[in-house]
Amino acid sequence: MLVNQLQHPLALVPKTALAHPADSAEYTLLIGKMLASGQTQVLSVVPASTTAMIEQAIRKIAQELVNKVEEHVKAQAELAAQAAISEAANQAFFKEMA
């Protein structure tokens, strides 16, 4: 899912708009400020970001994505279980009525 995000980035920011432009690395860390409107202002590249910092950030993002998928799967399973219980109760009711 994270790799798929490359095809649909949240924003594209030209290097000239950043206070500290990124080096030539494939990935870099950015710092942003959350606004009351729910938007995020991208302020700058984090200077001297290490490979370890970038890898840790990627792992945290990936873990959050996994958590969201697991929550969604759990919620869907609970809905399916409730639907099955309701269906069984309805069938029992109609058998009793017959």
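Using θ = phi - 60° and the Karplus form 6.51 cos²θ - 1.76 cosθ + 1.60, what ³J(HN,Hα) does each residue of region 63-79 get, whole Hz, x for Gly and Pro?
Those phi angles translate into 5, 5, 5, 4, 4, 5, 5, 4, 4, 5, 4, 4, 5, 5, 5, 5, 5 Hz.
When ranked by the protection proxy of mean other Cβ atoms within 10 Å per residue, highest first, what sequence do the peptides 71-77, 49-55 form?
Values: 71-77: 10.0, 49-55: 12.0.
Order by mean packing, descending: 49-55, 71-77.
Sort 3-10, 80-87 by the packing proxy (mean of other Cβ within 10 Å over each peptide's residues), most packed first. Could you put the intermediate results ahead of the total?
Working: 3-10: 7.8, 80-87: 10.0.
Ranking the peptides 3-10, 80-87 by packing returns 80-87, 3-10.
With n ≥ 4 as the cut-off for DSSP H runs, can you work out [θ] at 222 nm for the chain, using -39500 (n - 2.57) per run divided by the number of residues, rounded to the nearest 500?
Estimated from H runs of four or more residues: -18000 deg cm²/dmol.
Could you tell me how many cubic angstrom of Cα convex hull volume the chain has per residue?
145
So how far apart, in nm, are the two label points at Ala84 and Ser37 if each is 7 Å from Cα heading toward Cβ?
Once both label points are built, they end up 4.7 nm from each other.
Just to confirm, what accessible area per residue do you get for the chain at 1.4 Å probe, in whole Å²?
That works out to 86 Å² for each residue.
Do you know the relative contact order of the chain, to the nearest whole percent, from alpha carbon pairs under 8 angstrom that are 6+ apart?
20
Would you work out which of Ala81, Val66, Thr28 lies farthest towards the positive end of the dipole of the chain, given +1 charges on the beta-carbon of Lys and Arg and -1 on that of Asp and Glu, about the Cα centre?
Thr28
Using modelled backbone amide H atoms (1.01 Å from N, in-plane), which distant-in-sequence or interchain residues come within less than 5 Å of Leu43's amide H?
Ile31, Gly32, Lys33
The values are calculated or read from the model by the stated rules, or taken from the named source; none is laboratory data. All values derive from a computational prediction rather than experimental measurement. Cβ coordinates were reconstructed from backbone atoms using ideal geometry, including for glycine residues, and neighbour counts include every protein chain displayed. For accessibility, only protein heavy atoms count, side chains too; no ligands or nucleic acids. Shrake-Rupley method; radii C 1.70, N 1.55, O 1.52, S 1.80 Å.
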